[in-house]
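Everything on this sheet refers to the single structure shown next.
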Amino acid sequence: MFPTRVVVQAVDLQLLTKMAVGFLVGALIGLERERAKQESAPGVRSVGFTSLLGALTTALPLHLPASSALQLVIPASLALTAVSIIAIYAYERARVERGSGITTQLSLALAYASGLLIGAGLVVEGVALCFLTSLALAMKLNVRRLVEAVTYRELLPMLELGVIVFLVGPLLPFDATDPFIRAVTVGSLYTFFVTVLALSFAGYAAFKLKGSRGVSYAAFFGGLANSEAAVSALCRVADPTLVVMLANAAMLVRNLLIVTALAPRSNPAALSPALLALGVSVALAYLAYRVAARREPPESSWVAGVDMRPISFGLAVKSTALFGLTLFFSALAALLLGDAGVLVASVLGGLVSSSTVIFSVLNLASGGYVAWSAAATAILLSTAAAVANKILYAWPSLSGEGRRKLVMHQLIFLVPLLVAAALQLRVAV
């Protein structure tokens, strides 16, 4: 009797990995469908198997002999099977549940598409499509609330913002500069203009979703777009101390986000003192926000009378013009007076718009007009000036004890900024 030879074929780990990932991405979409408590909708297993079919459709031909007829037969059979299952399910659901939507059918198709990408080796793209689909499904309630709340008056500015970003922007000469000292570019003006519009819309959308919950949301979300405008508008109808506190909190958060976003492309080491001081001030602002939220009554009738527009093009144009002028004169001051001129200009500019100064000094530092240490100091001084200037807006609405309380609250925000700026100046000297 001769011994039997056993041939062990190597396991294709790459194919197994694609199959596992293909099933899991569909299972994630199915999990959301089950979480939505739709009894008739496919769940974890059904959607997972659908995406697994997609992964096998594109993965198997890559692991079969090149001359084999199975390279065409297998993917065609799997694709026909998946399409037939989705089509039959869509037909049956339309017949039984008349008037129902097609969200589940589309989610099945997208799960199959995710599997196709994963099987073809585009794993990151397939997983990204899966997460995007799951996120869109999970956001149903918030999206429905937003759609129900949006009016035509609010829809038009959204479309206008899209036109500016996706149609007008690509046509602009981003590298064109001013003819005098070549410090102001069309690209920097456009970026600032779109940023103001986006912040304005984000603040309005958040306020719209939260409803009339009072001064906390109005002052904070309004302060994200323009803290000076928020204080000017709301001090007449609410506690000025509360309004100033929350508007400054929003302004500090906004400035920290701007510096954090631009630091990696600039000089993170030189900007670290400004980031640290802004972070401490934001932490103090959060505590102030928590205190203010506890003090506010659950409903405030005055919010309904406050005119909040989705996008203020007038404000964006004025702010962009101010940004351009600040950038130009700061560069001119830097050429004539050096870093000292930029610091003086940053304080004066911060009284009007600290975010404008931040964009300006970072542009100047990137262009070599000022040192990065001076740019960090200018950011701190402009933010401190922006915190202090709210006192001027709220001062006429208060008297006696209210004014003292207002000043004390702003000193809490100012201390980290002024200490960091003083240390920066001392090191520079």
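The values are calculated or read from the model by the stated rules, or taken from the named source; none is laboratory data. Computed from a prediction, not measured in an experiment: that's the story for all the values here. Cβ placement follows ideal geometry from the backbone for every residue including glycine, while neighbour counts extend to all protein chains displayed.
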Failed item in (1) at pLDDT below 70; (2) under 21 Å from LEU246 (Cα atoms); (3) not in a loop (DSSP other than H, G, I, E, B), with ARG290 passing the rest: (1)
Lone qualifier among THR104, THR57 - being at pLDDT 85 or above and part of a helix (DSSP H, G or I): THR57
LEU242 being surrounded by 17 or more Cβ atoms within 10 Å (Cβ to Cβ), under 22 Å from the mean Cα position of the chain (by Cα) and at pLDDT 70 or above: no
Qualifying residue in region 322-342 (condition: surrounded by fewer than 21 Cβ atoms within 10 Å (Cβ to Cβ), at pLDDT below 70 and not in a helix (DSSP H, G or I)): no
Enumeration of residues in region 167-187 that are assigned to a helix (DSSP H, G or I) and under 27 Å from VAL361 (Cα atoms): VAL168, GLY169, PRO170, LEU171, VAL186, GLY187
Evaluation of LEU72 against (1) at pLDDT below 85; (2) under 38 Å from the mean Cα position of the chain (by Cα) (one fails), failing number: (2)
Failed item, numbered, when ALA386 is tested on (1) at pLDDT 80 or above; (2) surrounded by fewer than 20 Cβ atoms within 10 Å (Cβ to Cβ); (3) within 25 Å of VAL194 (Cβ to Cβ); (4) not polar (S, T, N, Q): (2)
Residue list for region 116-142, restricted to those being in a loop (DSSP other than H, G, I, E, B) and either modelled with pLDDT under 80 or among the polar types (S, T, N, Q) (or both): MET139
Sole residue being modelled with pLDDT of 85 or more and closer than 17 Å to VAL361 by Cβ, chosen from LEU257, LEU271, LEU262, LEU276: LEU257
